[in-house]
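The values are calculated or read from the model by the stated rules, or taken from the named source; none is laboratory data. Please read these numbers as outputs of a predicted model, since none were measured by experiment. Don't worry about glycine lacking a Cβ; one is built from the backbone with ideal geometry, like all the others, and counts go over all protein chains shown. These area figures cover heavy atoms from the full protein model, side chains too; ligands, DNA and RNA do not enter into them. Shrake-Rupley method; radii C 1.70, N 1.55, O 1.52, S 1.80 Å.
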Amino acid sequence: MKPAASEEFALAPGLIQLNHASYGLASRTVADAAAKHRCRIESDPTRHLGAQLTEDLRARTVHMCTAFGLTPRHTTLCPNATSGAAAIIASVPLTPADTVVVLDTEYSSINRAWQVACDRAGARYIEIAVPLPFQGTASLLSRLENEVPGAVSYLQTSLISSSAALRLPVAEIADWARGRGGHLILDAAHGPGHVPIAPDSWGVAAVFGTLHKWLPAERTVGFLWLTDQLVDRIRPAEISLTWDSADLVERFSWPGTFDPVPRLCLGAAIAQWVRWEHEGLVTECEELADHATATLEALAARPTAGREYLPPRLRSFILDGVTVTEVKSALSKADIRAWVGPGPSGECLLRIATHVYNDRGDIAALAELLEEVLRP
């Protein structure tokens with residue numbers, strides 16, 4: 001870890017954190033801002049959690065939209081990506097005549113939510129296998145064309161898939177869905193602060209995502225972006241006092257009593273992220289991810305995709321000849337944090353994220369451990 005890491009983050013001494021993408025990590029700067037917001041709220045909860053809260057959250061929504069090029073009229077904050085997905089899935093009408101298509105590289109709880117919704121409505125649920133390493137856009141579109149019969153109502157995919165860390169061809173998938181009469185719903189949990197978000201140019205119908213993964217924000221805070229066709233239809237999964245509001249921000253501003261501080265300190269998180277970009281720290285993270293890929297490839301760890309489909313700071317590898325349990329145990333004993341789990345076909349996947357506190361020493365320590373684990 002960089003020597004300055006302990007100055008800006010509360011990471012335990014000696015810990016190598018390469019699992020940033022799972023939960024994010026709030027910086028000390030944002031934690032200080034959050035503490036001030038909490039003190040302000042506790043000084044007069046009736047005022048600060050009452051009517052004024054909606055306008056405070058509207059201001060943060062506009063700030064976030066400005067930072068990431070989204071339209072405020074179509075955007076709202078929400079608790080997290082899962083709640084955003086739940087709102088969409090619970091709100092779109094499904095009948096026995098509908099077909100929902102998902103990729104098996106999607107976050108498993110999102111796929112399960114669509115499956116439950118289809119079961120309830122009697123709709124058809126189709127899950128498309130995406131073999132790893134990812135074979136590219138043409139191969140994926142060919143699978144969709146050959147394995148999905150007839151019209152499609154909704155297709156669920158990710159901007160960057162979670163465990164396999166694939167940067168998927170969103171515009172091309174959306175175009176295929178439209179060609180079948182359907183709409184693309186996009187999971188952008190790994191978008192803001194990591195890669196650009198451009199729902200209008202992609203042609204997607206809805207985007208849900210997370211802001212606490214790649215920004216130094218407090219957990220949890222997410223967002224929803226909706227087209228004109230959906231902005232009046234999508235409601236929170238929980239029916240709260242503002243559920244019937246015609247105003248999108250107000251509709252999602254009060255899911256019952258909750259802690260609004262992660263949303264309220266978004267300004268501090270975005271400002272720090274912008275400073276990192278201006279100081280070249282984000283570019284350093286991308287270079288470190290490329291270095292990690294080359295280093296682990298030399299140990300026979302197989303990237304889950306070719307370079308065109310690799311995210312800038314999130315990389316996943318197929319580890320042959322070892323089990324998830326073996327790799328997890330070795331990493332835990334060495335105090336190295338990375339995500340390890342099964343791939344769609346049972347592969348052992350190792351996923352790492354490079355962040356502003358990482359350096360080449362972290363990658364060297366990981367490589368040394370993997371060389372031992374992968375040794376025949």
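Computed quantities for the displayed model
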| quantity | calculated |
| --- | --- |
| Average accessible area per residue (Å²) across the stretch 166-275 - probe 1.4 Å, nucleic acids and ligands excluded | 34 |
| Percent RCO, i.e. relative contact order, over the chain, from Cα pairs under 8 Å lying at least 6 residues apart | 24 |
| Accessible surface of the stretch 236-376 [probe 1.4 Å, protein heavy atoms]: carbon and sulfur percent | 51 |
| Among VAL322, VAL231, VAL152, residue whose mean-square fluctuation peaks in a GNM of the chain (springs only between Cα atoms under 10 Å) | VAL322 |
| Heavy-atom surface of the stretch 5-90, accessible at 1.4 Å and reported per residue (Å²) | 47 |
| Portion, in percent, of the accessible area of the stretch 80-176 that falls on carbon or sulfur, probe 1.4 Å | 48 |
| Magnitude of the charge dipole, the chain, Cβ model with Lys/Arg +1 and Asp/Glu -1, debye to 20 | 500 |
| Percent carbon-and-sulfur accessible area, the stretch 1-65, ignoring ligands, DNA and RNA, probe 1.4 Å | 57 |
| Charge dipole (debye, nearest 20) of the stretch 1-133; +1 at Cβ of Lys and Arg, -1 at Cβ of Asp and Glu | 280 |
| Alpha-carbon centroid distance for the pair the stretch 305-341 / the stretch 69-125, whole angstrom | 28 |
| Among ILE234, ILE128, ILE89, residue whose mean-square fluctuation peaks in a GNM of the chain (springs only between Cα atoms under 10 Å) | ILE128 |
| Positive-end residue, the chain charge dipole about Cα centroid, Cβ charges, pick of LEU369, ALA289, ILE239 | ILE239 |
| Local electrostatic count at ARG143 - Lys and Arg +1, Asp and Glu -1, tallied over other residues with Cβ under 12 Å | -4 |
| Structure-derived semi-axes √(5λ) of the Cα gyration tensor in Å - corresponding label in (1) 38, 26, 17; (2) 38, 30, 16; (3) 32, 30, 17 | (3) |
| Neighbour count of at most 16 Cβ within 10 Å plus DSSP loop: longest chymotrypsin sites (Phe, Trp or Tyr not before Pro)-free window in the chain | 1-242 |
| In sequence order, calculated HN-Hα J values of the stretch 171-186 (Karplus, 6.51, -1.76, 1.60; Hz; x Gly/Pro) | 4, 5, 5, 4, 5, 5, 4, 4, x, 9, x, x, 10, 8, 9, 10 |
